[in-house]
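Here is the structure we will look at.
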Amino acid sequence: MNRIVIVAKSEFLTLVKTKAFLIGLLMMPIITAGAIGFQVYAQKHSDRDDHKFVVIDHSGALLGSLQTEANAFNEKNGGSSAARTGPQFLPEAATADSQTDLDAYKLALSERVKKKDLFAFVEIPAAVVDPNVEKVPAIQYYTETPSYERLPDWLEQTLNEEITRRRFGTAGVDQALVKKLSARADVQSNGLLAKKADGSVEGAKKTDPLTTFVAPFAVLFIMFLSVMSSAPQLLNAVIEEKMSRISEVLVASVSPFELLMGKLFGVTAVAVLLALVYFVGIGYFAVYSGRPDLLQPALMGWFVIFLVCCVLMFGSMFLAIGSACSDLKDAQSMMQPVMMLLMVGYIGSFAVLRAPESNVALGLSFFPTSAPFIMMLRMAMQPTPPIWQPALSLALTLLATVGFVWAAGRIFRVGVLMQGKGATLREMLKWIRQA
């Protein structure tokens, strides 16, 4: 045990004393915050171009109101000033050619769109304002950039509001009464009521997006980041030691299993350190922002336990691959299945966020390689799963971790001294079965 601790300490200090570790530790929160800030900035300021489009209005009644609404929209976004905050929608009336040969006119408009003289053109059927039509024809929108949805969304909302107003007007219905009767009632999401110690009823609290989505995803992200920043390092370290024949010197002093466990414990300590540093930063920010209720010590305890299991599990896989390969080129192809297993939890988290109590969420919570990620995500959400679920998930994860470490030990003891040709999957399975 003493030699395992010595190897673990050496591995830990080797990793944390590097400049790359310190730079990564400081840069990751900065990069994450910068990415979020850039997305917010880009959403508000990146789309400030002029979008000119032609309106073929067969109804003859909607172009005027569309131009008025476009002027109001453009003015709201800063108009032609340098401080523009959004796009400018510039409708243009169709020429008389649209009344003679419509197909030829639309073809000419398509050529203008290709030449960037227009952004799009829209065709409004005459029957859209008829209150007696049974099936309202669709408004046709033509563009070379179908991924841009802001203009067609604005057109749909603006035109339908005006179409509805004109239909009611044609039917002789009072517009003020229609607006009053069609007023929307918003749905506000709340938690549940609770009974206080004195017997009185505590009112329900409004649903908080921070506790509903932000905090759970932050827990998942820190788990994923801690594992990805530590476990894959073992593969490169083992291959470098084999190529430089340092592993032969190490095995002369300690057994292969002691070397493997020491490396695993050292990397696990690095992952825990990373997670603690990030949680301390988040905790300080939560207290400074007046939200100490976001801090849950019990959740942090579960997090550390699942993190240790996760790093040991995936670290043993990377160690086994590194010991069985003779160079990084061989390792790249063999590590792809492990990376896919690692990504299962992250990819599955998006389905779990939408339905945390579904069968998919339950299955991913008990699948060993995804359990640490999915179970921590569910425990950070409301309602938290019953205690038997995280207990069973942890038990299955522990069993899987022990199995992976045991199998990795069998592979490591043979592969760490092997030089030349890398081992195949069949050979690795044979090493595991050997007594």
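Every number here is computed from the coordinates shown, using simple stated rules; none is lab data. Worth saying up front: this structure is predicted, and the values here are computed from it rather than measured. Because the Cβ atoms are built from the backbone with ideal geometry, glycine has one as well, and the counts that use them run over all protein chains shown.
Structural remarks
- Centre separation in Å (Cα based) which lies between the stretch 396-418 and the stretch 110-184: 64 Å
- Whole-number Å³ per residue for the convex hull built on Cα positions in the stretch 103-192: 165 Å³
- Taking a Cβ cut-off of under 9 Å around residue 323, the surrounding Lys, Arg, Asp and Glu residues balance to a net charge of +2, with basic ones at +1 and acidic ones at -1.
- Largest GNM mean-square fluctuation across 50, 198, 174, computed for the chain with C-alpha springs under 10 Å, falls on 198.
- Within straight-line cross-link reach of residue 115, lysines at Cα separation under 18 Å, skipping those fewer than 8 residues along the same chain: 52, 106
- Of the residues 200, 333, 189, the one that moves most in a GNM of the chain with alpha-carbon contacts below 10 Å is 200.
- Kyte-Doolittle mean at least -0.5, axial Cα span of 24 Å or more - DSSP H helices of the chain: 19-45, 256-288, 297-324, 328-354, 388-415
- For the chain, built as a Gaussian network whose Cα springs stay under 10 Å, the top-fluctuating residue of 255, 226, 316: 255
- Set of lysines near residue 17 by C-alpha distance (under 21 Å), chain-local residues within fewer than 8 positions excluded: 9, 263
- Formal net charge of residues neighbouring residue 214 (Cβ-Cβ distance under 14 Å; K, R +1; D, E -1): -1
- Computed from the Cα positions only, the extents of the chain along the three principal axes stand at 93, 69, 44 Å, in decreasing order.
- Qualifying lysines (Cα of each under 19 Å from Cα of residue 329; at least 8 residues distant if same chain): 242, 421
- Legend: calculated FRET efficiency, residue 186 to residue 427, from the Cβ-Cβ distance at R0 = 60 Å, rounded to 0.05, equals 0.40.
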